[in-house]
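Remarks on the structure that follows.
The values are calculated or read from the model by the stated rules, or taken from the named source; none is laboratory data. These numbers come from a predicted model, not from an experiment. All Cβ positions, even for glycine, are placed from backbone atoms using ideal geometry, and neighbour counts span all protein chains on display. Side chains are part of the model used for accessible areas, which takes the heavy atoms of the whole protein and leaves out ligands, DNA and RNA. Shrake-Rupley method; radii C 1.70, N 1.55, O 1.52, S 1.80 Å.
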Amino acid sequence: MEYNFKEIEAKWQRYWAQNHTFKAVEKESQPKYYVLDMFPYPSGAGLHVGHPLGYIASDIYSRYKRLCGYNVLHPMGYDAFGLPAEQYAIQTGQHPEVTTNANITRYRSQLDRIGFSYDWDREVRTCDPAYYKWTQWAFLKMFNSWFNPETQKAEPIENLIAKFKAEGKWDGLSEKEQSDLLMQYRIAYQGETAVNWCPALGTVLANDEVKEGYSVRGGFPVEQKKMTQWQLRVSAYAERLLADMEELDWTDSLKDMQRNWIGRSKGCEMVFKVQNEDKEYDVTIFTTRADTVFGVTFMVLAPESDWVEKLTSREQKAAVEEYLAMAKKKTERERAQGKKVTGVFSGSYATNPLTGEKVPVWISEYVLSGYGTGAIMAVPAHDSRDYAFAKTFNLPIIPLIEGCDVSEQSFDAKDGIMCNSGFLTGMSVKEAIPAAIKYVEEHGLGRGKVNYRLRDAIFSRQRYWGEPFPIYYKDGIPMPVDEKDLPVTLPEVDQFKPTETGEPPLARAKDWTYKGYPLEKSTMPGFAGSSAYYLRYMDPKNSDGLVSASADAYWRNVDLYIGGTEHATGHLIYSRFWNKFLYDLGYVCEKEPFKKLINQGMIQGRSNFVYRIIGTNRFVSVGLKDKYETTEIHVDVNIVHNDRLDMEAFRNWMPDFKNAEFELENGEYICGWAIEKMSKSMFNVVNPDMICDNFGADTLRLYEMFLGPLEQSKPWDTKGIDGVNRFLKRVWRLFWDKDNFIVTDEKASPAELKSLHKLIAKVQEDTENFSFNTTVAAFMIAMNELSELDCHKREILEPFIIMLSIYCPHVCEELYQALGHQESITYAKFPEYVEAYTVENNCTYAVSFNGKTRFTVELAKSMSKEEVEATVRGMEQTAKYLEGVSIQKVIVVPGKIVNIVVK
RNA sequence: GCGGGCGUGUUGAAAUUGGUAGACAAGCCAGACUUAGGAUCUGGUGCCUACGGCGUAUGGGUUCGAGUCCCUUCGCCCGCACCA
């Protein structure tokens, strides 16, 4: 029999589906293991060969854990709400649901071909009302909760009302006043804030959806705008999000990204009294450098600060208004990039609370309204931004650290001895900071404060294709929809774009009301549906709750999560927040959702080029291109093999090239190449379906892992795939010679056992460490050895394919069945490693100088007894040769295979 | 600017964590079998002025020993970016 991967793969994919081989059922007697992929947004372009990389890795690990006796939960679903389907709907009128479902069908068929061991009975789709019911439910819980700073926990809003009642702050308020009061405390709340407004998309965006002033989706410019929006009080959880990261098994770089994003900084708030004409105001600033207060020479307000209006004097009004108008027009990007220092004097003066000195109050866009209090004390001598401002507007600079030179630049380091600083003079900076804060607190001038960069998440989007809010407005007061009436399903609309008056698309829906009152017209953002999906997989069909207590208690949280690093400051923060909130309310039993996280690298494309002589239809091979003036043209990688162009296919590729002529090297047209992003426009997209057709899913899986370390980005190059394909064919030939099944029950030789057990040790160790590329290499080495030994023994081959089945499940199932097994290889046991075959002759020699161990020498197990003895003699000679060196002791180290010769 | 990471053949990479650098593949060269090959098998393949010598971006250091540790310089990638 030939290795017919097409038949084999179709057969076993059918078998797994029919037998529900990968169905996960809670079993108290068996330890659980939860392996999760970041579920995909089903885009119209379908999967390319880079997308399944992480899925293959997680599938290998899932299959490995099953063989090791774990009850594995390995689900898959779709993050199905999102902008592209909606943009398409606006252009074509096609309902996003139709597009989305078609894309999901395509994704599913592509995924199925790769042979994943998903439990598809647990599939979720975020756009399914039965699913988003629980997204809305969680929102209602957040609406009806507040964050108690004393307990650092979310608690029911009733607790807060009771507290207000006890304090006499509640009774007597109107319904509207009560609503407004609670709104300041709810975890999900409505509030006015500066938001990222994207005019092209017609919606607001969260901070992580904006990069360098452009929307991540679509790349449209984003501007700052003050709007009333639904928000989630993520910032309340800043400290816990930071602290609980310690115990997570994530990479340091990813943890750093989150730490950066949360941006904890310890400092203090200080009150400056500001005199504007006849009125005095208390303006609070935030600083991390309380020690530098003696060097304050001016104050600065953010242009959006509420203080601006109050602190602008009559003479300066015109100038300030002009400045504000100018600042408003700029996008965030222009502000950050414009290195030019701008600002305007407000006309009022502040009093330094420590020195009593009067300093001018300025307004400048270098101060951000969203951080701290939107107002700063400026210390030009020790802050480079204040320094630049002071130099531009000719404001005084007072140095506060002994010996520092501030004639050319500020001295920003937190280092040195204070001077010109009253009671702080003589202290080091490190002593002065707490001393200054202590002084400020004792004199009632302010207080120590920790500030976070993390802002609350803007939660409304002025779009159609998202979860509707379970909120309606009774006389303008937002009210929660009753829990029993969930889900609030998306209404039909005739068009998907905003209304002519700029209202969200839901304003087009007829009778978009609840109990006769209008419903909220915004929808929830993309991260709403993806924040708790891992919980829903535990109990996907439950209609009484997001997840039952028993299912949650069994599966707990995700043991291994694999996905891209692009979610570091979005999804991975929101999910952690969402989980902590549900934890506080007692709905889940773990405070962190994802224990271990691996970020797979990106697979880039390898583009090919042809070179056309300018003004002709003549193409020259890459080696000859320098002789002519040529233009480089991308050519479809699918008509190029090993950089050799299929000239006939090229002529048929595009009408322009129909009459192409070629100038060849050695009778072949060699293409140039480059590594670029995999995309349609570069003609370098490789479709996994094509690989499955030509080589099979087992080869694809093996090759993706063989390509290089999982976390690393690497280019896809189809030409290397022959190597792993050959490997599988050769494995097949260990079992089959033409039509004869040649496996015997003969006893294995020591050499064969050694080869097998070396492999078992390696597969086990490398798989545990997610080093899949070296595992594949180990399989190849073992196969080469077994071929060499002409080994066709069941005792060796059966464990071999059980291990290989985690990579290449289809072909291994087929061979396993040929060995006479009735059950799927999924239920086999991972073979046990016997040490005896790898420790023989392993020795370590420790060599000492004057009694102190200086180096060790380890000898390979492959050495014979004679070789070992000869090497030891060599060592002794080395010891004699080097003065004062002697071999002190000899230690046998099991498992070591190092082979050193010391000259 | 700040933070994290990286630099090894023609290419993807490996190196048991300080111990024979280039495993395993791809490509290339030669040979075998073939009507044929994008099939199969065998051998070779870091570089050089080749019985020797040199080689892990660069220059230095620690060490009996450095791809691995420390410092210098150069280059690349990722994240954040006026966060007071």
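By the Kirkwood approach, averaging reciprocal distances over each pair of separate Cα atoms, region A:138-288 gets a hydrodynamic radius of 19.0 Å.
Here's the list of lysines a cross-link from A:Lys32 could span, going by alpha-carbon distance under 23 Å and ignoring same-chain residues fewer than 8 apart: A:Lys23, A:Lys65, A:Lys541, A:Lys580, A:Lys591, A:Lys595, A:Lys596, A:Lys829.
In order along region A:372-389, the phi-based Karplus estimate (6.51 cos²θ - 1.76 cosθ + 1.60, θ = phi - 60°) of 3J(HN,Hα) comes to x, 10, x, 9, 10, 9, 9, 10, x, 5, 10, 9, 5, 6, 4, 4, 4, 5 Hz; Gly and Pro are listed as x.
Largest first, the three principal axis extents of the alpha carbons in region A:396-492 are 71, 35, 23 Å in whole numbers.
Please give the contour-minus-distance gain from A:Lys23 to A:Lys11: 0.36 nm per residue of separation, less the Cα-Cα distance, rounded to one decimal in nm.
Net length gain for the segment: 2.5 nm.
Each residue, A:Glu483 and A:Ala818, gets one label point 7 Å from its Cα in the Cβ direction; the gap between the two is 5.8 nm. Taking the accessible area of chain A, probe 1.4 Å, and keeping the other protein chains in place, the carbon and sulfur fraction comes to 49%.
Residue by residue, region A:38-46 carries 3J(HN,Hα) couplings of 5, 5, x, 7, x, 7, x, 6, x Hz when phi is fed to the Karplus relation 6.51 cos²θ - 1.76 cosθ + 1.60 (θ = phi - 60°); x denotes Gly or Pro.
Taken over the C-alpha atoms, region A:1-76 has Rg and Dmax values of 15.0, 44 angstrom.
Of the trypsin sites (Lys or Arg not before Pro) found in region A:565-640, those in coil by DSSP whose Cβ has at most 16 other Cβ atoms within 10 Å are A:Lys591.
Kirkwood hydrodynamic radius computed over region A:532-683 comes to 19.9 Å, based on all pairs of distinct alpha carbons.
How much area per residue is accessible in chain A when the probe is 1.4 Å and only protein heavy atoms are counted (Å²)?
In whole numbers, chain A has 45 Å² accessible per residue.
As a calculated quantity, the FRET efficiency between A:Arg726 and A:Arg259 at R0 = 45 Å, using C-beta atoms, amounts to about 0.45. Each part gets one Cα centre, and for region A:565-605 versus region A:220-282 those centres are 20 Å apart.
Between the C-alpha center of region A:404-467 and that of region A:1-68 there is a gap of 51 Å. Evaluate the Debye formula for region A:322-447 with equal point scatterers sitting on the alpha carbons, no solvent, and hand back log10 of I(q)/I(0) at q = 0.13 Å⁻¹, in q order, two decimals. Result of the Debye calculation: -0.64.
The distance between label points at A:Asp475 and A:Lys747 comes to 9.4 nm (points 7 Å beyond Cα on the Cα→Cβ vector). For a paramagnetic label modelled on A:Thr774 (point 7 Å from Cα along Cα→Cβ), amide N atoms under 14 Å away belong, within region A:737-759, to A:759. Backbone amide hydrogens, once placed in the peptide plane, bring A:Arg125 within less than 5 Å of A:Tyr78, excluding anything fewer than 5 places away on its chain. The Rg/Rh ratio of region A:626-764, with both radii computed over alpha carbons and Rh defined as the Kirkwood radius, is 1.12.
Tell me, what is the percent relative contact order of chain A, built from C-alpha pairs under 8 Å that lie six or more residues apart? Reported relative contact order: 13 percent. Per-residue Karplus couplings for region A:176-192, computed as 6.51 cos²θ - 1.76 cosθ + 1.60 with θ equal to phi - 60°, are listed in order as 5, 5, 5, 4, 4, 5, 5, 4, 6, 10, 4, 5, 9, 9, 10, x, 8 Hz, Gly and Pro entered as x.
The Kirkwood hydrodynamic radius of chain A, based on inverse pair distances between different Cα atoms, is 32.8 Å.
Using just its DSSP H runs of length 4 or more, each adding -39500 (n - 2.57), chain A gives a mean residue ellipticity at 222 nm of -10000 deg cm²/dmol after division by all residues. You can think of it this way: the chain between A:Thr284 and A:His641 has 121.7 nm of extra reach, that is 0.36 nm per residue less the Cα-Cα gap. Taking 0.36 nm per residue of sequence separation and removing the Cα-Cα distance, the A:Glu192/A:Ser543 pair yields an extension gain of 122.8 nm. Principal axis analysis of the Cα atoms in region A:436-539 yields extents of 64, 41, 28 Å, listed in decreasing size.
Over the C-alpha atoms of region A:634-688, the Rg to Rh ratio, Rh being the Kirkwood estimate, stands at 0.97.
Per-peptide packing, taken as the mean over residues of other Cβ atoms within 10 Å, places A:46-53, A:242-249, A:215-222, A:165-172 in the sequence A:46-53, A:215-222, A:242-249, A:165-172 from highest down.
Model label sites at A:Ala318 and A:Lys596, defined 7 Å from Cα along the beta-carbon direction, differ in position by 7.0 nm. Within straight-line reach of A:Lys176, meaning a Cα separation under 13 Å, sit the following aspartates and glutamates at least 8 residues removed in sequence or on another chain: A:Asp475. If r is the Cβ-Cβ distance from A:Ser428 to A:Ser713 and R0 is 35 Å, what FRET efficiency results, to the nearest 0.05? Here the calculated transfer efficiency is 0.20. Ranked by the mean number of other Cβ atoms within 10 Å of their residues, highest first, the peptides A:3-14, A:656-667 fall in the order A:3-14, A:656-667. Each peptide in A:745-757, A:195-207 gets a packing score, the mean of other Cβ atoms within 10 Å over its residues, and the list from highest to lowest is A:195-207, A:745-757. Taking N as the residue count of region A:1-148, its C-alpha radius of gyration divided by 2.2 N^0.38 Å amounts to 1.26.
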